[in-house]
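Here is the structure we will look at.
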Amino acid sequence: MALDRFVNSLETMLEEARVSLQSVDSAEALEQLRVKFVGAKNGALKSVQKMLSEVAPEDRPAAGKRFNEVREALQAALDGASDRFASGGAAKSAQPATDPTLPGLRPRIGSVHPITQTLEHLKEIMGRLGFSVTEGPEIEDEWHNFVALNIPDDHPARDPLDNFYLATAKNADPVGNSAPAARLMRSQTSTVQIRVMESQPLPLRIISLGRVYRPDAPDATHFPMFHQMEGLWVDRNVTMTQLKSVLRLFATSYLGGDVNVRFRPSFFPFTEPSVEVDYWWNGQWIEFGGAGMVDPNVFASVNIDPEKWSGFAFGLGVERLCMRRFGITDIRDLYRSDVRFLRQFAS
Amino acid sequence: MLISWDWLSDYVKIDCPLEEIVSRWAMSGLNHEGTEIVEGVPVIDLEVTSNRADCLGHIGIAREASVLYRVPLVVPQPRPATAKSSIASVLQLENLFQDACPRYTARVIRGVKIGPSPEWLAKRLRAIGIKTINNVVDATNYVMMECGQPLHAFDLAHIRGGKIIVRPAADKENFLAIDHKTYVLDSQMVVIADAERAVALGGVMGGAESEVSDTTTDLLIESASFAPMSIRRAARKLKLHSPSSHRYERRIDPNQLDWASRRCCELILATAGGELLDGVLDTNPVQTNLPEIELRKSQIVRVLGIEIPWETSCDILKRLGCEITKVGEQHCTVAPPSFRQDLPREVDLIEEVARIYGYEQIPEDAMVPMVASMRRPKDIVMSTLRNVATAAGFDETLNPSLIGRGPADRISPWSSEAPLATMVPLLEGASILRRSLIPSLIAARLHNQSQSNRDVRLFETANVYLPNGNQLPREQLNLGCIAESELRIVRGVFEEILHRVWGVGSDTPKLSETKVSWDFLESGSGIAWMAGETMLCWIGSLSRSLSQSLKLDGAVTLGETNLDLLLQHAQLVPRVRDVVPFPAIERDLNLVVDEALQWQSLQGVISQSAGPLCVDILFREIYRDTNRDGAGKKRVLLTLKLQSATDTLRSEQADEVVASVLGACRSQLGAQLLA
């Protein structure tokens, strides 16, 4: 497009605007003219501006300069007309007033799942206590899920109906006597203890977080899939004083400085002595997690000399902590994917 | 385990408020579940861990109290009077299944009068939730709840052939139990039989035909020990759990059989009359003692981290019923009592010392040495992609790892092998280990649709389970995304993640885009990014036919990324690059092209023809004007960003680039610049 054609369009438009503005007699009419000439979408000025890209490149600086002059002139004419109405009281509404009470344009930002938030929170706390995150497979063999954890063949936890065994030919026997190669969805994250002690040099200070699976009928507090955090500290002189101190620091970090925590004896096949940790909440003791000194049989199964090394392990259910933190009362809500639920946890 | 406070006081006198002792029990291993007042008597519910079979009776709980409060435990010594005639004259006993029944004892009482139990006994049973039947059955239950040893009374008149045989059940042998249901047994189960048929399923339940009735006069009292695994297996298989199987599964005290038998007979004689025949039939009349254990003083400190006076440790063990056979300054030899089968090792003794001494004595302010611990690369990358996905308006969801059968279960872009399944479904019908996150995300979308939730964008990061021949399945961490109509939204998330994370080093494979066509995708909508031969991620729109069969009410766009592969090549720390100090020039182009021309081809031609001055090609929009351009054409608006790294770009240089681009687009793609 030639420069003169472009400039011509500009001048024509400006002239038309001036004429129209002289005869304008109401704020409404002025607003219509404003839209017509400088409207952001389809204003005449915008149309001419689009033509700018079609002006020959060598002429473009000149065209751009003229365009800017016309734009300022046009705005000045509009402002002038607007002032006329503004001074006349009733015409004030001609200048559309800003309404600062209109709702803001909030960005649409998704939310991170409350379980993920809890897992990250736990990692952060344990990281400060020197525990590194490690992981293990969700599909396990019986060695890692049971045998090495000192859970013998006749232990009720091994019942095929209490576990999610994979349907392979080897797992055919529905009651007991599962073959050594049987695979199952892990029923606890303690399996990772074994994998880590088998493969990593001592000393060790690790946590492992992830999904575990147990056939519980779903209700407000049970779901057949949930998350656990497992911790393990193995070193030359780890004792129950470290166990209690670490878990006390952890409980205080997670639950708050004023939390009342108690340690009571319990039983787990893979720890001895074993501990259950409770915290005081709403007038009763709530289970926080289980822990204990690594059982010598567990050390023996991973070829660690229990006379030279000692350690403690702990495990806790993530859902319960998450639910308490966010005030969630039905565990099933966590796994329904309802966005009205999920969007509440934007943080 | 329900404990009657009144009953307990037969064995131990504790002079303290109930709340206090309940708390002491809890703090020494018997957690308090609750207390109720039943007929004026406090009934305390204590949680007994599976190792503590000794606490499945009032005496065991009383013993714990006596240890904690250092008061004597009074256990009655039953000495039932016996008649002259001997049991051997009326009954023979044979054990053919020693593995499942290490010991079986029988006593015979004749001439009992069946009737209701005395009120004091009935009240105690009612208090702990045991139904009263008659004076004989109640006596067996009473003694079980007293000492933890299950007992069974048979009507001797229905024991045929004067014989009791402990034997394996025959395969598919039918057995009519006291609950009047018939159970089909197998040869791994142990039955108590007479000369003709089974009269009890050993350790689990008695038989209907030999049960004590109102007309019973002569009794056979069984006190036996059964192997835990055998009982557990039978109870599970038949879904027949009883207080008896519960105790046998936890290993009862084998030395207590005779005490329990005498105690039971004594009670029956007192409440139902009759005479006890002289003697007992016993398949294995030996006391079995647990092995002695060497306890080192040094080991207590090593495990607990505190010094406990040696005398205190030894005293605690003695109070718990252990015998200290040798004691030195640093060592002692301990023989645990037969009712503590859970104490085979030194560390078990240390736990006993600790729990009675009190866990609260162990300090909670020990030094925890500092060690370096840092966020893993994985945590960093996961955080990045969560940030990107949420910034794009996607909500994170977590879905069960197992899915059900349905139109979506075949969506499997990562593996063509059949999925694995579990024997028991996770949730109703859901037994397939998912090979892709997409089926779950579609289900999530459907749920939201049913709730009228609009404009749903979801993402999940979780493992998928890819079958791997006979090996353990490969668990691959994926990111899955689902959105509504605009595929560019999903693509944008992936592009941004790759832009932030995918490495730039020489060992990072170059990504290539390739078309994919899977049944579940709308034809022509699928694109995958390949790192060499391996797929890193893909996007596409769900096919209309699948969408219809799933009753989805709008377009569905999808994408999935293999995060394990992404992590292998992740760049964790951005590296700075010089910012070019010379301004860039932008040139807009509005090209009329064939409808079939895709951006990737156009962009390829432009970037090849534009040369090094073109630092970016920005897509603006596509629109169509069939009146001017004719059918089968579309207009593509784009911007070339031109910049020189060495000086300010001149207008003529930019013109040259544009001319070259236009020339190439015209000749290679037939594109026309819109004037």
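Structural remarks
- If you go through the range A:94-122 and keep only what is surrounded by 10 or more Cβ atoms within 10 Å (Cβ to Cβ), within 14 Å of chain B (Cβ to nearest Cβ) and part of a loop (DSSP other than H, G, I, E, B), you end up with A:Arg108, A:Ile109, A:Gly110, A:Ser111, A:Val112, A:His113.
- Among (1) closer than 17 Å to A:Leu122 by Cα; (2) at pLDDT 95 or above; (3) touching a strand residue (DSSP E or B) at 6+ places or on another chain (Cβ under 6 Å) - the single one A:Val234 does not satisfy: (1)
- The residue that is nearest to B:Val71 (Cα to Cα), counting only those in the range B:19-45 that are in contact with a strand residue (DSSP E or B) (Cβ under 6 Å, 6 or more places away or on another chain) and of a type in the set (A, V, I, L, M), is B:Val22.
- Failed item in (1) in a loop (DSSP other than H, G, I, E, B); (2) surrounded by fewer than 22 Cβ atoms within 10 Å (Cβ to Cβ), with B:Met229 passing the rest: (1)
- Every residue from the range B:290-303 that is within 14 Å of chain A (Cβ to nearest Cβ) and either assigned to a loop (DSSP other than H, G, I, E, B) or within 19 Å of A:Gly311 (Cα to Cα) (or both): B:Arg296, B:Ser298, B:Gln299, B:Ile300, B:Val301, B:Arg302, B:Val303
- Among (1) at the interface with chain A (Cβ under 9 Å from one of its Cβ atoms); (2) of a type outside the set (Ser, Thr, Tyr); (3) under 29 Å from the mean Cα position of the chain (by Cα) - the single one B:Gly404 does not satisfy: (1)
- The single condition from (1) in contact (Cβ under 8 Å) with a residue 40 or more places away in the chain; (2) of a type outside the set (A, V, I, L, M, F, W, C); (3) in contact with a helix residue (DSSP H, G or I) (Cβ under 7 Å, 6 or more places away or on another chain) that B:Asp409 fails is (1).
- In the set (1) under 30 Å from B:Leu441 (Cα atoms); (2) within 11 Å of chain B (Cβ to nearest Cβ); (3) surrounded by fewer than 21 Cβ atoms within 10 Å (Cβ to Cβ), the condition left unmet by A:Phe326 is number (2).
- Candidate set from the range B:438-471 (those that are touching a Ser or Thr at 6+ places or on another chain (Cβ under 6 Å) and facing another protein chain (nearest Cβ under 9 Å)); member that is surrounded by the fewest Cβ atoms within 10 Å (Cβ to Cβ): B:His447
- Unmet requirement for A:Pro152, which otherwise passes all of (1) more than 24 Å from A:Ser310 (Cβ to Cβ); (2) more than 7 Å from every other protein chain (Cβ to nearest Cβ); (3) modelled with pLDDT under 95: (1)
- The numbered conditions (1) modelled with pLDDT of 95 or more; (2) facing another protein chain (nearest Cβ under 9 Å); (3) not in a loop (DSSP other than H, G, I, E, B) are all true for B:Asn399 except (3).
- Selection status of A:Arg205, touching a residue at least 40 places away in the same chain (Cβ under 8 Å), within 30 Å of B:Gln299 (Cβ to Cβ) and outside any loop (DSSP other than H, G, I, E, B): yes
- Take the conditions (1) among the polar types (S, T, N, Q); (2) in a helix (DSSP H, G or I); (3) more than 25 Å from B:Val353 (Cα to Cα); B:Gln287 misses just one of them, which is (2).
- Members of the range B:91-131 found to be part of a loop (DSSP other than H, G, I, E, B), surrounded by fewer than 19 Cβ atoms within 10 Å (Cβ to Cβ) and either in contact with a strand residue (DSSP E or B) (Cβ under 6 Å, 6 or more places away or on another chain) or not β-branched (Val, Ile, Thr) (or both), listed by number: B:Leu96, B:Gln98, B:Asp99, B:Pro102, B:Gly111, B:Lys113, B:Gly115, B:Pro116, B:Pro118, B:Gly129, B:Lys131
- Within the range B:300-340, the residues that satisfy the criterion of being touching a residue at least 40 places away in the same chain (Cβ under 8 Å) and more than 19 Å from B:Thr288 (Cα to Cα) are B:Ile300, B:Val303, B:Leu304, B:Gly305, B:Ile306, B:Ile308, B:Thr312, B:Ser313, B:Ile316, B:Arg319.
- For the range B:304-344, a residue qualifies if it is facing chain A (nearest Cβ under 10 Å) and buried (at least 17 other Cβ atoms within 10 Å of the Cβ), and the qualifying residues are B:Leu304, B:Gly305, B:Asp342.
- Tally of residues being among the aliphatic types (A, V, I, L, M) and assigned to a loop (DSSP other than H, G, I, E, B) across the range B:242-283: 2
- Here the condition is being modelled with pLDDT of 95 or more, more than 22 Å from A:Val196 (Cβ to Cβ) and among the aromatic types (Phe, Trp, Tyr); of A:Phe288, A:Phe312, A:Phe299, A:Phe263, it holds for A:Phe263 alone.
- Across the range B:553-568, the number of residues qualifying as surrounded by fewer than 18 Cβ atoms within 10 Å (Cβ to Cβ) and either among the hydroxyl-bearing types (Ser, Thr, Tyr) or part of a loop (DSSP other than H, G, I, E, B) (or both) comes to 3.
- Per-region count, the range B:381-421, residues among the hydroxyl-bearing types (Ser, Thr, Tyr), over 19 Å from A:Leu119 (Cα atoms) and touching a Leu at 6+ places or on another chain (Cβ under 6 Å): 1
- Here is the figure for the range B:407-422: residues that are more than 7 Å from chain A (Cβ to nearest Cβ) and among the β-branched types (Val, Ile, Thr) total 1.
- Subset of the range B:154-196 [without any contact (Cβ under 8 Å) to a residue 12 or more places away in the chain and in a loop (DSSP other than H, G, I, E, B)]: B:Lys181
- Here the condition is being small (Gly, Ala, Ser), in contact (Cβ under 8 Å) with a residue 60 or more places away in the chain and within 28 Å of B:Leu385 (Cα to Cα); of B:Ser436, B:Ser415, it holds for B:Ser436 alone.
- Qualifying residues in the range B:375-390 (those that are in contact (Cβ under 8 Å) with a residue 60 or more places away in the chain and surrounded by fewer than 18 Cβ atoms within 10 Å (Cβ to Cβ)) - the one nearest to the other protein chains (Cβ to nearest Cβ): B:Lys378
- Taking the criterion of being away from every other protein chain (no Cβ under 13 Å) and buried (at least 23 other Cβ atoms within 10 Å of the Cβ), the only residue of the range B:232-246 that qualifies is B:Ser244.
- Those helices (runs of 4 or more DSSP H) of the range A:272-347 in which 3 or more residues are touching a residue at least 24 places away in the same chain (Cβ under 8 Å) and either of a type in the set (Lys, Arg) or closer than 25 Å to A:Leu149 by Cα (or both) occupy A:296-301, A:318-326.
- Subset tally (residues that are farther than 12 Å from B:Ile306 by Cβ and either of a type in the set (Val, Ile, Thr) or more than 7 Å from chain A (Cβ to nearest Cβ) (or both)) for the range B:353-374: 7
The values are calculated or read from the model by the stated rules, or taken from the named source; none is laboratory data. Note that this is a predicted model, so its numbers are computed, not measured. All Cβ positions, glycine included, derive from the backbone under ideal geometry; neighbour counts span all protein chains shown.
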